[in-house]
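Q: Okay, handing you the structure first.
Just so it is clear, none of the values below were taken in a lab; they were calculated from the coordinates. Here the structure is a predicted model, which is why all the values come from computation and not from measurement. Every residue, glycine among them, receives a Cβ derived from its backbone with ideal geometry; neighbour counts consider all protein chains shown.
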Amino acid sequence: MSTDKVSVHGGWASRWVFILAATGSAVGLGSIWKFPYMVGVYGGGAFVLVFLACIALIGVPVMLAETLIGRRARQSPANALKALALEAGHSGKWSWGAFAGMITALLILSFYSVVGGWSLDYIIDMGRGDFQGVAADQVGAYFGGVIADPWRLTLWHTIFMLLSAVVIAKGVVAGLERSLRIMMPLLFVMMVILLGYSLTTGHFMEGVHFMFDFHPDKLLDGLLPAMGHAFFSLSVGVGSIMIYGAYMPKNSSISGTIVGVALLDTFVSLLAGLALFPIVFAAGLNPSEGPGLMFVSLPFAFGNVAFGQLMGVVFFILVAIAAWSSAISLLEPMVAYLVERTKIRRGWVTFWLAFTCWFVGLGTVFSFNIWQQAKFFVNDGAGFHLYQWGAASGLDFFGVIDFFTSRIMLPLGGLCFVVFAGWVMGRDAVRDELSIRSPFLFALTLFLMRYVAPIGILVVFAAQLWK
Ligand code: PHE
């Protein structure tokens, strides 16, 4: 196969645009919303440590694998795996792994859009001055009021999904660059300002200890969640980075670029945690409060500083943009696939897929209100039930989708992609795409892709099962 093909969907103008798009995909609600609340739920330091190890040893190799597969094949994930497998004399069935990944991306989008909607809602609330001078418990009650209203959540979920679909319908290459060029750097600046605020709370060190003190007894509990979140945070395991790789110019180096994107993403997560936890402690909030953590702690901070109202508006706009640029990358793989396979117009494909995700997302909307009592996989003293209304334990609809995608499908997708790049594609193809000059670094990368990452994923799964 010639290696200088162009995808039918277009291509990034330069390596710089790829970096922007990939960072836009990686940095999102995963870093700012999900990472801090998971650190809280899974007990701080142990989770952070495992997360960082998983990023370096598993996440980055998978990310490299995805990018190089995408760029070599210049097609949507399922078609890419099929084409490259056939080319290397293997079974075309490899495409099923990528297909499962693309479905997973859509499932993630279903709840991602709901939470993205929360941040849109908060732009307005902040601007109205709803949080000026509030006490911590009032912010908690405010958030409780927001999620208790299914209509309100549905409205913002709908708007968020539409905003994402519009860019995809136009073609991702055209829409993304302009918006991200200014917004991503601004987001960093805002995070640093927030960090500055948390330094003044008098609880900064408490936050640092919470995030970095290592408690070995908690290690096992957070193992699978931390690995799953490493995938989620880097946008790998579902084909998002692969499709962006398919639009990457041939002459740019994959390895340096990807390591840079992974570092940036991890940096934003740590920054978010360091900004958030001191505020959480200063306000006397509960760090393990779950998905509401950011939506309770940050408005409290903004409500109690000079210019907080303005900064709060800017912050939630940036969060919404970060979420939006990730949501786009969740939709693109399947859209690209269907456009390649069916020749139906991009606009229609986008509309129907976004509609389907929106519909599934209603389940997440209702998880926080009218379906709060609906619990799946209940395992209490009385035994195991697949479903029970009003059970004290078990997962709600959002919990099920989150568990299935982050803990199971993302790692399995990642496993499929690294094994494919490491073992199926052949050494020369990988060397050609990665263009790593140093033989040592190339051998190290190949070793990570062939052994460390796949074995690491399997070990974490096994540890979870035997725990
Ligand atoms: N990485 C994104 C975030 O952290 C979420 C995402 C996951 C995007 C998987 C694409 C694919 O918010």
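Q: With θ set to phi - 60°, apply the Karplus curve 6.51 cos²θ - 1.76 cosθ + 1.60 along region 108-115 and write out the HN-Hα couplings as whole Hz, x wherever there is a Gly or Pro.
A: 5, 4, 4, 8, 4, 5, 5, 6
Q: Return the sequence-ordered ³J(HN,Hα) values of region 199-212 in whole Hz as given by the Karplus equation 6.51 cos²θ - 1.76 cosθ + 1.60 applied to θ = phi - 60°, using x for Gly and Pro.
A: 5, 8, 6, x, 10, 4, 5, 4, x, 4, 4, 4, 7, 10
Q: What list of ³J(HN,Hα) values in whole Hz, one per residue of region 49-55 in order, does the Karplus curve 6.51 cos²θ - 1.76 cosθ + 1.60 (θ = phi - 60°) give from phi, with Gly and Pro shown as x?
A: 3J(HN,Hα) across region 49-55, in whole Hz: 4, 4, 4, 5, 4, 5, 4.
Q: Run the numbers for residue 189 and residue 87: contour at 0.36 nm per residue of separation, minus the present Cα-Cα distance, in nm. Display every interim value, and only then the final one.
A: Details: separation 102, 0.36 × 102 = 36.72 nm, distance 4.61 nm.
Net length gain for the segment: 32.1 nm.
Q: Can I ask one more? Set the Förster distance to 25 Å, then compute FRET efficiency between residue 447 and residue 5 from the Cβ-Cβ distance, nearest 0.05. Numbers along the way, then the final one.
A: Working: r = 29 Å, r/R0 = 1.16.
Between residue 447 and residue 5 the formula returns 0.30.
Q: Taking a ≥ b ≥ c as the square roots of the Cα gyration tensor eigenvalues, with a/c under 1.5 meaning rounded and otherwise prolate when a/b beats b/c, else oblate, which class fits region 245-305?
A: Numbers: a/c = 3.49, a/b = 3.45, b/c = 1.01.
Verdict is prolate for region 245-305.
Q: To test your reading of the geometry: what angle, between 0 and 90 degrees and rounded to tens, separates the Cα axis of helix 410-419 from the longest principal axis of the chain?
A: The angle comes out near 20 degrees.
Q: Another one. What shape does region 337-467 have by the C-alpha gyration tensor, where a ≥ b ≥ c are the square roots of the eigenvalues, rounded means a/c under 1.5, and otherwise prolate means a/b greater than b/c and oblate the rest? Spell out each step's value before the answer.
A: On the way: a/c = 3.91, a/b = 1.48, b/c = 2.63.
Oblate, because a/c is 1.5 or more while a/b does not exceed b/c.
Q: Could you tell me the center-to-center distance, by alpha carbons, between region 372-447 and region 236-306 in angstrom?
A: So the two Cα centres are separated by 19 Å.
Q: Okay, next question. Once the piece of chain linking residue 179 and residue 380 is laid out straight, how much longer is it, given 0.36 nm per residue of separation minus the C-alpha distance between them? Write down the numbers at each step before the final one.
A: Numbers: separation 201, 0.36 × 201 = 72.36 nm, distance 4.87 nm.
Contour length minus the Cα-Cα distance gives 67.5 nm.
Q: Amide H neighbours of residue 380 under 5 Å, counting only residues 5+ apart in sequence or on other chains, H built in-plane at 1.01 Å?
A: 385
Q: Rounded to the nearest 0.05, what FRET efficiency is calculated for residue 352 and residue 408 with R0 set to 25 Å and r the Cβ-Cβ distance?
A: Working: r = 26 Å, r/R0 = 1.04.
Plugging the Cβ-Cβ distance into 1/(1 + (r/R0)^6) gives 0.45.
Q: So what is the 222 nm mean residue ellipticity for the chain from helices alone, if each DSSP H run of at least 4 adds -39500 (n - 2.57) and you divide by all residues, rounding to the nearest 500 deg cm²/dmol? It would help to have the intermediate numbers written out before the result.
A: On the way: 21 runs with 325 residues, N = 467.
When only DSSP H runs of four or more count, the value is -23000 deg cm²/dmol.
Q: Given Cα positions, please report Rg to Rh for region 15-466, the hydrodynamic radius being the Kirkwood one. Kindly include the intermediate steps, with their values, before the conclusion.
A: Working: Rg = 21.2 Å, Rh = 22.1 Å.
Radius of gyration over Kirkwood radius for region 15-466 works out to 0.96.
Q: Let me ask something additional. So if we plug the beta-carbon distance of residue 428 and residue 212 into 1/(1 + (r/R0)^6) with R0 = 30 Å, what FRET efficiency do we get, rounded to 0.05? Intermediate results must be reported in sequence, preceding the final value.
A: Values: r = 42 Å, r/R0 = 1.42.
Once rounded, the FRET efficiency stands at 0.10.
Q: Can you list the residues, at least 5 places off or on another chain, whose amide H is less than 5 Å from the amide H of residue 374, using H built in the peptide plane?
A: Long-range HN contacts for residue 374: 390.
Q: Arrange 288, 113, 326 by Cβ neighbour counts within 10 Å, fewest through most, would you?
A: Fewest-to-most Cβ neighbours within 10 Å comes out as 288, 326, 113.
Q: Here's another thing I want to ask about it. Sticking with the crude label model, points 7 Å out along Cα→Cβ, report the distance from residue 345 to residue 13 in nm, one decimal please.
A: For the pair residue 345/residue 13, the computed spacing is 2.7 nm.
Q: May I pose another question? Taking the chain, how many lysine pairs are there with alpha carbons less than 25 Å apart, if each pair must be eight or more places apart or span two chains?
A: Final tally of qualifying lysine pairs is 16.
Q: Provide the three semi-axes, in whole Å and in decreasing order, of the ellipsoid equivalent to region 1-152 as defined by the square roots of 5 times the Cα gyration tensor eigenvalues. Don't skip to the answer; put the middle values down first.
A: Details: eigenvalues 312, 73, 50 Å².
After diagonalising the Cα gyration tensor, the semi-axes are 40, 19, 16 Å.
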